[in-house]
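Contents: one structure, followed by commentary.
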Amino acid sequence: MIAETVCSAVAAAGLGIAAITAYRKRFLKAARIAAYALVPLGLVMTGAVQWVADTAFSPVAWAGFGVLGVAWALLATTRAVERRRRGGTRKERKAAARTAQPDAVAPGVSAPSLGQGSRPASRPAATPRETAADDFSDIEAILKKHGI
């Protein structure tokens with residue numbers, strides 16, 4: 001009963017301040033103040049204030065909050081244990097899944113025969129000696145870039 005009286009008084013005071021603000025030709029600010037002033041009155045009229053008052057003084061409600069806290073703690077603990085078992089954070093697991101290359105064929109199945117393509121090769125295949133020289137030149141460039 002006292003909460004409803006206080007909320008109604010706050011709403012009346014807020015509407016009075018809004019009226020004074022509107023008298024000073026600040027209509028936008030007055031409308032905003034009026035909106036905030038009507039919130040407590042609306043809460044009283046919907047019964048939300050009575051529900052909060054009943055909940056605040058109810059031992060059953062506080063026990064319910066305790067049960068919710070225990071449930072949250074259990075969920076958080078199980079997630080932490082699961083994360084530790086899997087290893088790494090969620091971002092690390094997603095990055096590993098993105099970089100993993102799926103096999104072209106299922107295990108135990110022979111690889112498909114890939115014949116000569118319909119397009120001719122644009123240049124002849126490099127000899128193993130040329131490929132190795134290219135690889136070492138790339139490595140040399142990287143080392144020079146880093147001053148090694």
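The values are calculated or read from the model by the stated rules, or taken from the named source; none is laboratory data. From a predicted model like this one, the values you see are computed outputs, not experimental measurements. Methodologically, a virtual Cβ is constructed for each residue, glycine included, from the backbone with ideal geometry; neighbour enumeration extends over all protein chains shown. Please note that ligands, DNA and RNA were not included when accessible areas were found on the heavy atoms of the full protein model with its side chains. Shrake-Rupley method; radii C 1.70, N 1.55, O 1.52, S 1.80 Å.
Right, Gly115: at pLDDT 80 or above, open to solvent by less than 100 Å² (accessible area, probe 1.4 Å) and out of contact with any helix residue (DSSP H, G or I) (no Cβ under 9 Å at 6 or more places or on another chain) or not?
On the way: at pLDDT 80 or above: no; open to solvent by less than 100 Å² (accessible area, probe 1.4 Å): yes; out of contact with any helix residue (DSSP H, G or I) (no Cβ under 9 Å at 6 or more places or on another chain): yes.
Criteria not met by Gly115.
Quick one: Val81 ticks every box in (1) under 32 Å from the mean Cα position of the chain (by Cα); (2) open to solvent by 50 Å² or more (accessible area, probe 1.4 Å); (3) within 29 Å of Ile17 (Cα to Cα) bar one, so which box is it?
Every condition holds for Val81 apart from (3).
Which of the residues that make up the stretch 8-51 are open to solvent by less than 80 Å² (accessible area, probe 1.4 Å) and not in a helix (DSSP H, G or I)?
Gly47
Take Val105 and tell me if it is exposed (fewer than 11 other Cβ atoms within 10 Å of the Cβ) and either at pLDDT below 70 or out of contact with any His (no Cβ under 8 Å at 6 or more places or on another chain) (or both). Can you show your working first?
Numbers: exposed (fewer than 11 other Cβ atoms within 10 Å of the Cβ): yes; either at pLDDT below 70 or out of contact with any His (no Cβ under 8 Å at 6 or more places or on another chain) (or both): yes.
Criteria met by Val105.
Could you list all residues from the stretch 5-21 that are among the hydroxyl-bearing types (Ser, Thr, Tyr) and over 24 Å from Ala53 (Cβ atoms)?
Matches in the stretch 5-21: Thr21 only.
Is it the case, given these coordinates, that Trp72 is open to solvent by 90 Å² or more (accessible area, probe 1.4 Å) and closer than 24 Å to Ile2 by Cα? Outline the logic, then answer.
Details: open to solvent by 90 Å² or more (accessible area, probe 1.4 Å): yes; closer than 24 Å to Ile2 by Cα: no.
In short, no.
Does Thr5 fit the bill of being open to solvent by less than 80 Å² (accessible area, probe 1.4 Å) and either under 30 Å from Arg90 (Cβ atoms) or over 30 Å from the mean Cα position of the chain (by Cα) (or both)? Before you say what the answer is, go through the steps one by one.
Working: open to solvent by less than 80 Å² (accessible area, probe 1.4 Å): no; either under 30 Å from Arg90 (Cβ atoms) or over 30 Å from the mean Cα position of the chain (by Cα) (or both): yes.
Spelling it out, it is not the case that Thr5 is open to solvent by less than 80 Å² (accessible area, probe 1.4 Å) and either under 30 Å from Arg90 (Cβ atoms) or over 30 Å from the mean Cα position of the chain (by Cα) (or both).
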